[in-house]
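Got a structure for you, written out below as structure tokens; questions coming shortly.
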Amino acid sequence: MGTFNWTKNAVPLLVIGGAIIVALLIGSRNSEQSSGANIPAEPTAQSTEGAGYESITDSQGIVAVTVTPLELSATASEWKFGIVLDTHSGSLDQDMLASAVLVDNNNTVYRPTNWNGAPPGGHHREGVLTFMPSASVPKKVQLKILNIEVPERNFTWELK
């Protein structure tokens with residue numbers, strides 16, 4: 001029976017031990033990310049200044065989307081919504097003109113006419129979505145943000 005040769009046996013043991021530690025760290029990180037990604041979060045309302053409407057935040061998945069009506073009234077020439085997107089992983093590459101639609105209580109669908117904000121990319125995007133209102137004044141509108149981490153996010157306000 002031989003003696004333990006440190007120079008011959010220590011390096012492979014250190015490599016194996018290091019690989020185990022790295023595998024445990026990666027597994028732990030993936031577990032943390034996936035555990036919260038599939039839990040839908042209820043939109044939360046936050047008080048805001050401006051047009052007198054509340055901001056609504058939807059934090060489903062790994063992307064938080066906050067929408068604030070900036071101009072939304074029966075007399076407005078344009079309806080404008082402040083949009084903030086935040087994530088800690090991935091890139092926010094969506095075309096906001098293609099990712100949003102506004103629907104009123106009469107089921108009239110409005111497509112955005114302008115996105116004045118950050119271009120695709122990065123972990124934080126902010127801008128203003130603009131819509132042209134119809135001649136008939138709805139009582140309620142719902143902004144739908146589509147296919148940003150989840151199939152659909154809904155933000156609803158009654159017109160004042």
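The values are calculated or read from the model by the stated rules, or taken from the named source; none is laboratory data. Remember, it's a predicted structure, so these values are computed and weren't measured experimentally. Cβ coordinates were reconstructed from backbone atoms using ideal geometry, including for glycine residues, and neighbour counts include every protein chain displayed.
Select from segment 54-64 the residues that are part of a loop (DSSP other than H, G, I, E, B) and among the aliphatic types (A, V, I, L, M) and list them in ascending order.
ILE62 - this is the single residue of segment 54-64 that is part of a loop (DSSP other than H, G, I, E, B) and among the aliphatic types (A, V, I, L, M).
In addition: Give me a count of the residues in segment 83-100 that are surrounded by 17 or more Cβ atoms within 10 Å (Cβ to Cβ) and touching a Pro at 6+ places or on another chain (Cβ under 8 Å).
Matching residues across segment 83-100 total 4.
What tally of residues in segment 65-82 results from selecting those that are in a loop (DSSP other than H, G, I, E, B) and surrounded by 19 or more Cβ atoms within 10 Å (Cβ to Cβ)?
Final tally of qualifying residues: 1.
Just to be sure, is ASN116 assigned to a strand (DSSP E or B) and farther than 16 Å from ALA51 by Cα? Before the answer, list the steps.
Values: assigned to a strand (DSSP E or B): yes; farther than 16 Å from ALA51 by Cα: yes.
Judged against the criteria, ASN116 is a match.
Here's a follow-up. Out of the residues in segment 109-153 that are among the hydroxyl-bearing types (Ser, Thr, Tyr) and at pLDDT 95 or above, which is nearest to the chain's Cα centre (by Cα)?
THR130
Residues of segment 83-104 being assigned to a strand (DSSP E or B) and of a type outside the set (Ser, Thr, Tyr), which ones?
Passing the criteria: ILE83, VAL84, LEU85, ASP86, ALA100, VAL101, LEU102, VAL103, ASP104.
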